[in-house]
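The values are calculated or read from the model by the stated rules, or taken from the named source; none is laboratory data. From a predicted model like this one, the values you see are computed outputs, not experimental measurements. Note that each Cβ is placed from the backbone with ideal geometry, even for glycine, and that neighbours are counted across all protein chains shown.
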4 protein chains.
Amino acid sequence: MQMGMIGLGRMGGNMVKRLRDGGHTVVGFDMNPDSARDVDSLEALVAALDAPRVVWVMVPAGAATDSTVETLAGLLDAGDIVIDGGNSRYTDDERHAELLAAKGVKFLDCGVSGGVWGAERGYALMVGGEKETFEAVRPLLETLKPEGEYGLVLAGPVGGGHFAKMVHNGIEYGMMQAFGEGFATMMRSEYVDDPAATMVSWRSGSVVASWLLDLFENATKDDPELKNMPPVANESGEAKWMVEAALGLGVPTPATAAALYARQTSRGGADDILRVVTAMRAQFGGHITKIDEIATH
Amino acid sequence: MQMGMIGLGRMGGNMVKRLRDGGHTVVGFDMNPDSARDVDSLEALVAALDAPRVVWVMVPAGAATDSTVETLAGLLDAGDIVIDGGNSRYTDDERHAELLAAKGVKFLDCGVSGGVWGAERGYALMVGGEKETFEAVRPLLETLKPEGEYGLVLAGPVGGGHFAKMVHNGIEYGMMQAFGEGFATMMRSEYVDDPAATMVSWRSGSVVASWLLDLFENATKDDPELKNMPPVANESGEAKWMVEAALGLGVPTPATAAALYARQTSRGGADDILRVVTAMRAQFGGHITKIDEIATH
Amino acid sequence: MQMGMIGLGRMGGNMVKRLRDGGHTVVGFDMNPDSARDVDSLEALVAALDAPRVVWVMVPAGAATDSTVETLAGLLDAGDIVIDGGNSRYTDDERHAELLAAKGVKFLDCGVSGGVWGAERGYALMVGGEKETFEAVRPLLETLKPEGEYGLVLAGPVGGGHFAKMVHNGIEYGMMQAFGEGFATMMRSEYVDDPAATMVSWRSGSVVASWLLDLFENATKDDPELKNMPPVANESGEAKWMVEAALGLGVPTPATAAALYARQTSRGGADDILRVVTAMRAQFGGHITKIDEIATH
Amino acid sequence: MQMGMIGLGRMGGNMVKRLRDGGHTVVGFDMNPDSARDVDSLEALVAALDAPRVVWVMVPAGAATDSTVETLAGLLDAGDIVIDGGNSRYTDDERHAELLAAKGVKFLDCGVSGGVWGAERGYALMVGGEKETFEAVRPLLETLKPEGEYGLVLAGPVGGGHFAKMVHNGIEYGMMQAFGEGFATMMRSEYVDDPAATMVSWRSGSVVASWLLDLFENATKDDPELKNMPPVANESGEAKWMVEAALGLGVPTPATAAALYARQTSRGGADDILRVVTAMRAQFGGHITKIDEIATH
């Protein structure tokens, strides 16, 4: 199949490679003139594709995706298909779909998991949109996904792909936090000599065997106590969105929230909380001597 | 009434003053020769009291209380009463009670709240032990407690006083954390100009009016953003014991645990967790280029 | 001063009473013809007030407040003042303020705490808006608030009053959860005979003394084990909004979230989580015998 | 090698099979006369083994393991080896090791993961004890473990095997809770048509690919909404022990605790908390009319 790819960064670039290796024709565009782009404008990209066109948007969520979709709405024709494969919030998808639908352009949102490993392992793809549109681009999706029966799902209507990816990332947060809590507990205990080796041993036969644990072996190979890693983690938006979405749905997500909070705390988010706690303790614990300064209760 | 007080630190010293102001006769002992002690040994303390004696132990929980109780078991006579007013774990009380009971000495455990304010406000007292023993020392307890109908309870059998105090402190942790979370949220928001003044305004008429909020006003009077307070809080043992006790009873205590975890985190307890999270993210997020180093999943 | 009150339910009605007792003239309107309303339409309310008018809106947040503000924007004149004293989300306030500002009408948002006790104790008021507008209505606010120096604050610009109230309610959630965790722990323990009496004893002298604890005494007076209370609690929107706002600000609020989650869980929100846990346990724990049904990992 | 197995339940029985298939000679004993036991007493078991003997204890943790180890201490000779492969708490191991060491008998504790799948996949084994003892029984361990380089570790000194297994199970709790939170969120959302199919699609290519997710496919094959599963989960001791151990080490484990609390809550553990919350809300929210019953604050 033929496809246009907008955004040739690490993710987009690797996906183009996997698509071409799979026999597809991809015309690539990126804002960056130093990228391996085939055309130097969205207009040129659209001109280079045969109708009905398929255009995959793989640019940062938010303003960049918004403006790309808006521009595409002005350039594409009825029957063309736009796929947003970036990390957009699911609430943006309906807006994008409506904007494009006004021109007769179809829309799919596609959550993509797999990181840098996707080029080799294939990408897990979660798609939102109409079944007919999904089937129209299935050959591309089949090439991007891993071999075998898993890794591709039409999750639901427009927004469903990014909703599923958001939930996926929330789960990922919880799993990493769980491994972290176990590692940290063993690091402080005299009962376990080598926490990393112990965790790596679980890669086979244990209930917690997982791809994250496979990666953990690589991470600890030369740094078993992870001393080169900072005790700080950034957050991407998705776990936050999931906790928010669940709040609205009345679903308690304490483990996901705990994972998110651990990261926010590592970046100083709880500092003012602790200041209040310490200030109150100082008041009732006796560091204050001028007892008349406060009215008795 | 007559009583011996062992331990003349801030808490013990203030309690002696309140008792004497209330007309009781107190013989004080402390290990520290520079203290305002009346006698210089436990033997002398016991000798100075009329039988049946009442001895209040107000020394650090753990080894110090253990050895004091053991020594008292050897010095006191049947019918005497020992009150442990320190912060002992409730599980220690039964052991102490048995040790003393072997000599016919009675035992009460008494959780004491009130901090430095107790000298003026009176102390909230939670007692564990037999009703008869409790009644025997009631005149002392009535003097120590605040005026009015509240502030004194026979919570249950031996251990009940410290169990109640442990729960009390767990609640205190949760309340301080709740205030801290609110303050921190307002500190980062553009909607609230002066978070401290806003919180202080709640001292009257609001649902969160409380003694902790009264103290908060004092704490923020000269430092409304609490910039002089470190974003670190220590933990005493009691909230930890409460979370443990509740675990064993099958009662989930997520808010109390959150408050405890916030303090442990502020002291570096979560650092290794974050290292794992960051290490895993680095693996799948693309900072690793040698894809062959890890087996595909 | 003269004022119009829209909404004569429990809160609005009690506030009118307190204002009239304080010497103010209040014209009341409510949609309900059976209410103690003075006029039967918004038009009549506006006509009955002298310019510059002050109108207090005390109707349910959301659609009812939206439509009331919209109608008022069409009826009021430049220089008039609208106060939203309901439980609106702070994000609604800016929209309302802009709508009114287009007609020269000024706006204040006012979070009100105090519940049914406010009529007697006075209401804790948190206001958002311009200082000049705040001062213009100060006589009304001074009457509504409790006696003494606390209970009224200009928290910040438009939105600040409801933001502060939202945070206040989040703290309230955390405090109630903390008390609940303590009570539940004592209820299951053999160490405490009467958990309610023990908690009530903390009303004086203890660190957790608070208005909520005062209310707790009343609640447990005839039902010390709270057997007449259902183990289910509804949520109002405000704690949810606070957790969301804090998420966006990067502030971890685990205790507030725990309180919110406890309520959501009590209403079945976690049921599907438990189904997954139980299903997975059944799979690896041995309730499945046909080992060939699942591919080995 | 030759070995005695005490306890021929699902775990012990399957392990015997795997050992015999691997060429080892196993003498089995179980209290249950209907089991496939080879001997009918511990004495007979000991008599049937050549010195130095290896005896694997695979009975319920607590009293059953205690009494078995005590009996073995009286039957075995210096140089023999006892392996506790059950789910004992790590704090029991030192006691057992000392008891046996007094007779010159060596001890290993061995955490075993793998459930009913272990018979086929092999068991993940975590061992605590001395390296020399570990090496002496390595042929047995190599047979029990999965093929390949993973699945067996000498985690640390006596207690280390069960400590590692405890941490492993804590991680397992956190992972299952994370999957559950994701599933529950999707179940309530209109964006995802088939949450189970979406999760199953993640088995390949995604960051959350894991053995638990493999099992999830099997669990949802005929029941995609898990309607046949109760919204209740029991707890085994190990996650509770891990949360306790981490508390003592100063390591916050909020995700593990959240998973544990979710199970305790599902069994009614939070009911009294909600009763307090509802009772307090009723007090300040207006369901109480006799305002004089409570002292103003």
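Is it the case that the stretch C:85-96 has a residue that's among the polar types (S, T, N, Q) and under 24 Å from residue C:42 (Cα atoms)?
yes
How many residues does the stretch C:202-252 contain that are part of a helix (DSSP H, G or I) and charged (D, E, K, R)?
Within the stretch C:202-252, residues that are part of a helix (DSSP H, G or I) and charged (D, E, K, R) number 5.
Would you pick out the residues in the stretch A:66-93 that are within 10 Å of another protein chain (Cβ to nearest Cβ) and among the acidic types (Asp, Glu)?
A:93, the sole residue that qualifies.
What pairs come out if I take residues in the stretch C:133-147 that are farther than 14 Å from residue C:111 by Cα and pair them with residues that are assigned to a helix (DSSP H, G or I) whose C-beta lies under 6 Å away, six or more apart or interchain?
What qualifies is C:143/C:19; C:146/C:121.
Exactly one of (1) free of Cβ contacts under 8 Å to residues at least 60 places away in the same chain; (2) at the interface with chain D (Cβ under 8 Å from one of its Cβ atoms); (3) under 21 Å from the mean Cα position of the chain (by Cα) is unmet by residue A:178. Its number?
Among (1) free of Cβ contacts under 8 Å to residues at least 60 places away in the same chain; (2) at the interface with chain D (Cβ under 8 Å from one of its Cβ atoms); (3) under 21 Å from the mean Cα position of the chain (by Cα), residue A:178 violates only (1).
Identify, please: which residue in the stretch A:183-208 is surrounded by fewer than 24 Cβ atoms within 10 Å (Cβ to Cβ) and among the hydrophobic types (A, V, I, L, M, F, W, C) and is, among those, nearest to residue C:280 (Cα to Cα)?
Once the filter is applied, the top-ranked residue is A:200.
Specify which of the listed residues (A:9, A:28, A:22, A:79) is over 17 Å from residue A:143 (Cβ atoms), at pLDDT 95 or above and assigned by TED's automatic domain parsing to the domain that holds residue A:120.
Values: A:9 fails: at pLDDT 95 or above; A:28 fails: over 17 Å from residue A:143 (Cβ atoms); A:22 fails: over 17 Å from residue A:143 (Cβ atoms).
When all the criteria are applied, what remains is A:79.
Quick one: residue D:43 ticks every box in (1) of a type in the set (Asp, Glu); (2) assigned to a loop (DSSP other than H, G, I, E, B); (3) touching a Leu at 6+ places or on another chain (Cβ under 7 Å) except a single one, so which number is it?
Among (1) of a type in the set (Asp, Glu); (2) assigned to a loop (DSSP other than H, G, I, E, B); (3) touching a Leu at 6+ places or on another chain (Cβ under 7 Å), the lone unmet condition for residue D:43 is (2).
Every residue, every condition in (1) within 12 Å of chain A (Cβ to nearest Cβ); (2) out of contact with any strand residue (DSSP E or B) (no Cβ under 9 Å at 6 or more places or on another chain), yes or no:
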{"site": "D:210", "(1), (2)": "yes, no"}
{"site": "D:224", "(1), (2)": "no, yes"}
{"site": "D:228", "(1), (2)": "no, yes"}
{"site": "D:237", "(1), (2)": "no, yes"}
{"site": "D:251", "(1), (2)": "yes, yes"}
{"site": "D:257", "(1), (2)": "yes, yes"}
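How many residues, within the stretch B:272-297, are at pLDDT 50 or above and not small (Gly, Ala, Ser)?
Filtering the stretch B:272-297 for residues at pLDDT 50 or above gives B:272-286.
From what's left, not small (Gly, Ala, Ser): B:272-278, B:280-281, B:283-284.
The qualifying residues number 11.
Which of (1) under 27 Å from residue A:235 (Cβ atoms); (2) within 14 Å of another protein chain (Cβ to nearest Cβ); (3) not in a loop (DSSP other than H, G, I, E, B) is the odd one out, the single condition residue A:134 does not satisfy?
For residue A:134, the exception is condition (1).
Taking residue B:86 as the residue in question, decide whether it is touching a residue at least 60 places away in the same chain (Cβ under 8 Å) and outside any strand (DSSP E or B).
Working: touching a residue at least 60 places away in the same chain (Cβ under 8 Å): yes; outside any strand (DSSP E or B): yes.
Criteria met by residue B:86.
With respect to residue A:157, determine if the residue is surrounded by fewer than 24 Cβ atoms within 10 Å (Cβ to Cβ) and at pLDDT 95 or above.
Yes: the conditions hold for residue A:157.
Among the candidates C:244, C:217, which residue alone is farther than 30 Å from residue A:283 by Cβ, at pLDDT 95 or above, more than 8 Å from chain B (Cβ to nearest Cβ) and surrounded by fewer than 22 Cβ atoms within 10 Å (Cβ to Cβ)?
C:244
For the stretch C:220-241, name all the residues that are hydrophobic (A, V, I, L, M, F, W, C) and either more than 20 Å from residue B:150 (Cβ to Cβ) or modelled with pLDDT under 95 (or both).
Restricting attention to the stretch C:220-241, the residues satisfying the condition of being hydrophobic (A, V, I, L, M, F, W, C) are C:226, C:229, C:232-233, C:239, C:241.
Scanning the stretch C:220-241 gives C:229, C:232, C:233, C:239, C:241.
How about the stretch A:188-201: which of its residues are facing chain D (nearest Cβ under 8 Å) and part of a helix (DSSP H, G or I)?
A:197, A:198, A:200, A:201
Of all residues in the stretch C:100-123, count the ones that are in a loop (DSSP other than H, G, I, E, B), touching a strand residue (DSSP E or B) at 6+ places or on another chain (Cβ under 7 Å) and either away from chain D (no Cβ under 14 Å) or surrounded by fewer than 24 Cβ atoms within 10 Å (Cβ to Cβ) (or both). I'd like the intermediate steps shown before the answer.
Kept after step one, since they are in a loop (DSSP other than H, G, I, E, B), are these residues of the stretch C:100-123: C:102-105, C:114, C:122-123.
The next check asks that each one be touching a strand residue (DSSP E or B) at 6+ places or on another chain (Cβ under 7 Å); those that pass are C:105, C:114, C:123.
Next, only the ones that are either away from chain D (no Cβ under 14 Å) or surrounded by fewer than 24 Cβ atoms within 10 Å (Cβ to Cβ) (or both) stay: C:105.
Selection size over the stretch C:100-123: 1.
Is there a residue in the stretch B:160-167 that is more than 7 Å from chain C (Cβ to nearest Cβ) and surrounded by fewer than 24 Cβ atoms within 10 Å (Cβ to Cβ)?
no
Can you tell which of A:122, A:115, A:85, A:111 is modelled with pLDDT of 95 or more and on the phi > 0 side of the Ramachandran plot?
Just a single option satisfies the conditions, and that option is A:122.
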